[in-house]
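Below: one structure, written as structure tokens.
The values are calculated or read from the model by the stated rules, or taken from the named source; none is laboratory data. Every value quoted in this text rests on a predicted model; they were computed, and no experiment measured them. Glycine gets a Cβ as well: all are built from the backbone with ideal geometry, and neighbour counts include every protein chain shown.
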């Protein structure tokens, strides 16, 4: 029996090795990159099996994480090291560090990927960086504790929300001036344009709401509230927001309520609450948008939601305090 | 003494009012130059002159960042009364321009004198200093809102933590002051609420004498075991020493090997410089940059009070103390205070409803309410005097 077991295991290992080699040759399947805030690592998960492919050491306090438009790199903000780690998506190694100024929390790229927009949480700034050279193009003063960033599809506007100031700041990318400030509910975290670009949704973690802003008039046109039977109102802390490509469904992660809300963007009705791990913050779709990945900060795992059935399929362990997820096809 | 020249207590447009001119909103920070606490037992403890005020100043600068985008400017007028000043008489000067919003860094007696001054009737007083239960119970006032957790909220917060740990047999060691007696009564109340037991209780009248001496620890090393030798078993020593006479001498000096909790040792507090969750880290960094020292609980109170005013004016669109008061009591109000949930006021005693940190000197150990303690309306109301228990009757 022992020898059979041994054979079985080494056989499996061999099969895995062959599998990995074939991926390396033909390009691997989709992968998830999860930033682990207190581990100083990024966990790489296989997009089919959800097995850990690699654990990449980063600089200190990795939080905001995105893929570049060409998918060649994953960029991660290292808040306590004042830089961005550039992870090569082929070699899964940090190949470069970009100076960001103090305490970068989240980042976004321009449509072309030529420019990076970084929110400097401690300095109330958005730093604009040339990705190729790493040189700073400008710094834009915004409200206190800037966090989530959104880029309009025409590339003309970058929106940043500031947690302490409770505002969404609209920045013109030609002049780099703040052109509008919209007061939302307390401690906004994430801003996302609807797929048709008609609205900007902003989640307010402590306010417990999502504000829907008309980006032309800069007015809040609707406020979405959440009510969950048996859950105290103060535990409902909306953060991550994602829309399906057709814009017909929105998913909102609710923090300490341990759920992801399914919202109809037409009626603003909450259709369903999906139970996930503890304190879900950021959400990301799989490359084909059939699955939604949820980073659960307190249970150190990622919940995988099947988008069509709106059900949690499974949860997979990652590092400690998973913050965000980038997906490379 | 009173530096209120040019202040108007109503929401005024700036002198050169153009379309973009910021409207100015005054906030008065009222404090008294009380005699210091004297020498503290530990050299690590300090008593900065700007305790509380630095928090209010940092808070003012932060709400002015929001205000800058909305055309509102908040100005903090600092009024320092001389020690022993007649607060009621001084109140007349403070309120001479009209009803004001006051951040009160005053002790319990002075706070009541201020609140009861006829001129303060339509004022809004945000108390950032007291923790006394009495001010939330029989001595509550309609024009006063309390920012820091009461004594009862603190013992409840510790009690939940201890019960969660199954450390439910307590030895209560009570100091000599009236506030120690109130705290001790709160300990007994919390024990009864949460299924713990005070298995032994003792009064201890420690006379501090000279706090600094070359060999003082040798005396302490014999005195504290004597004070704590009780001949019955217990899980934790719950100390009630509100004036810091001896509580800090207890850890590691008890007769039995037991942890110390209460007013010293493991404490319940709204804030500690060690707290970093829920974006508190960013707050600690900002405060350190501004004040060049660590942020204390009273600084947090000052910061929060000013942010409450900022929220009422900018989000609640209130322009007068009376309007702000109504807003703070309404469902629309909520302020963020780095506790992972919005903080609101209890309408029955105008105490800020808030989770409470459980902390030892260098680390936050937990935050109460603890999981599993339930409440029909709001879990945070498991801390302190709940609506059915209140003795407060607010004159509307």
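Among the residues of the stretch A:181-196, at least one is under 23 Å from residue A:109 (Cα atoms), within 11 Å of chain B (Cβ to nearest Cβ), free of Cβ contacts under 8 Å to residues at least 60 places away in the same chain and over 22 Å from the mean Cα position of the chain (by Cα).
How many residues does the stretch A:274-316 contain that are assigned to a strand (DSSP E or B) and buried (at least 16 other Cβ atoms within 10 Å of the Cβ)?
Number satisfying all stated conditions: 21.
Taken residue by residue, the stretch B:49-68 has no member that is away from chain A (no Cβ under 14 Å) and more than 21 Å from the chain's Cα centre (by Cα). The single condition among (1) touching a residue at least 60 places away in the same chain (Cβ under 8 Å); (2) in a helix (DSSP H, G or I) that residue B:380 does not satisfy is (1).
Among the residues of the stretch A:156-180, those that are under 18 Å from the mean Cα position of the chain (by Cα) and facing chain B (nearest Cβ under 9 Å) comprise A:162, A:163.
Criterion first (outside any loop (DSSP other than H, G, I, E, B) and free of Cβ contacts under 8 Å to residues at least 40 places away in the same chain) does residue A:326 satisfy it? So residue A:326 does not fit the description; no.
How many of the residues in the stretch B:302-316 are more than 10 Å from chain A (Cβ to nearest Cβ) and surrounded by fewer than 22 Cβ atoms within 10 Å (Cβ to Cβ)? Show your work before the answer.
To start, the set of residues in the stretch B:302-316 that are more than 10 Å from chain A (Cβ to nearest Cβ) comprises B:302-306, B:308-309, B:312-313, B:316.
From what's left, surrounded by fewer than 22 Cβ atoms within 10 Å (Cβ to Cβ): B:316.
The qualifying residues number 1.
The residue that is surrounded by the fewest Cβ atoms within 10 Å (Cβ to Cβ), counting only those in the stretch B:271-286 that are away from chain A (no Cβ under 14 Å) and under 10 Å from residue B:338 (Cα atoms), is B:275. Which members of the stretch A:183-239 meet the condition of being touching a helix residue (DSSP H, G or I) at 6+ places or on another chain (Cβ under 6 Å) and modelled with pLDDT under 95? If the condition is that a residue be touching a helix residue (DSSP H, G or I) at 6+ places or on another chain (Cβ under 6 Å) and modelled with pLDDT under 95, then A:231, A:232, A:235 are the ones that fit. Determine if the stretch A:88-104 includes at least one residue that is within 14 Å of chain B (Cβ to nearest Cβ), touching a strand residue (DSSP E or B) at 6+ places or on another chain (Cβ under 6 Å) and buried (at least 23 other Cβ atoms within 10 Å of the Cβ). The answer is yes, given that some residue of the stretch A:88-104 is within 14 Å of chain B (Cβ to nearest Cβ), touching a strand residue (DSSP E or B) at 6+ places or on another chain (Cβ under 6 Å) and buried (at least 23 other Cβ atoms within 10 Å of the Cβ). Within the stretch B:119-142, being part of a loop (DSSP other than H, G, I, E, B) and more than 15 Å from residue B:30 (Cα to Cα) holds for B:121, B:122, B:131, B:132, B:137, B:138, B:139, B:140, B:141, B:142. Listed by position, the strands (runs of 3 or more DSSP E) inside the stretch A:216-255 whose residues that are within 14 Å of another protein chain (Cβ to nearest Cβ) number at least 3 are A:219-225. Here residue B:341 fulfils each of the conditions (1) touching a helix residue (DSSP H, G or I) at 6+ places or on another chain (Cβ under 9 Å); (2) within 14 Å of chain A (Cβ to nearest Cβ); (3) modelled with pLDDT of 95 or more apart from (3). The set of residues from the stretch B:230-247 being closer than 14 Å to residue B:261 by Cβ and touching a strand residue (DSSP E or B) at 6+ places or on another chain (Cβ under 6 Å) comprises B:234, B:235, B:236, B:237, B:238, B:239, B:240, B:247. All conditions in (1) surrounded by fewer than 16 Cβ atoms within 10 Å (Cβ to Cβ); (2) more than 18 Å from residue A:236 (Cα to Cα) hold for residue B:331, with the sole exception of (2).
Against the condition within 13 Å of chain A (Cβ to nearest Cβ), closer than 20 Å to residue A:237 by Cβ and either in contact with a helix residue (DSSP H, G or I) (Cβ under 7 Å, 6 or more places away or on another chain) or not in a loop (DSSP other than H, G, I, E, B) (or both), how does residue B:357 come out, does it pass? Walk me through how you get there before you give the answer.
On the way: within 13 Å of chain A (Cβ to nearest Cβ): no; closer than 20 Å to residue A:237 by Cβ: yes; either in contact with a helix residue (DSSP H, G or I) (Cβ under 7 Å, 6 or more places away or on another chain) or not in a loop (DSSP other than H, G, I, E, B) (or both): yes.
No: the conditions fail for residue B:357.
Each residue in the stretch A:166-180 was checked for being in a loop (DSSP other than H, G, I, E, B) and in contact (Cβ under 8 Å) with a residue 40 or more places away in the chain, and 3 of them qualify.
In the set A:231, A:263, only one residue is surrounded by fewer than 21 Cβ atoms within 10 Å (Cβ to Cβ) and touching a strand residue (DSSP E or B) at 6+ places or on another chain (Cβ under 9 Å); that residue is A:231.
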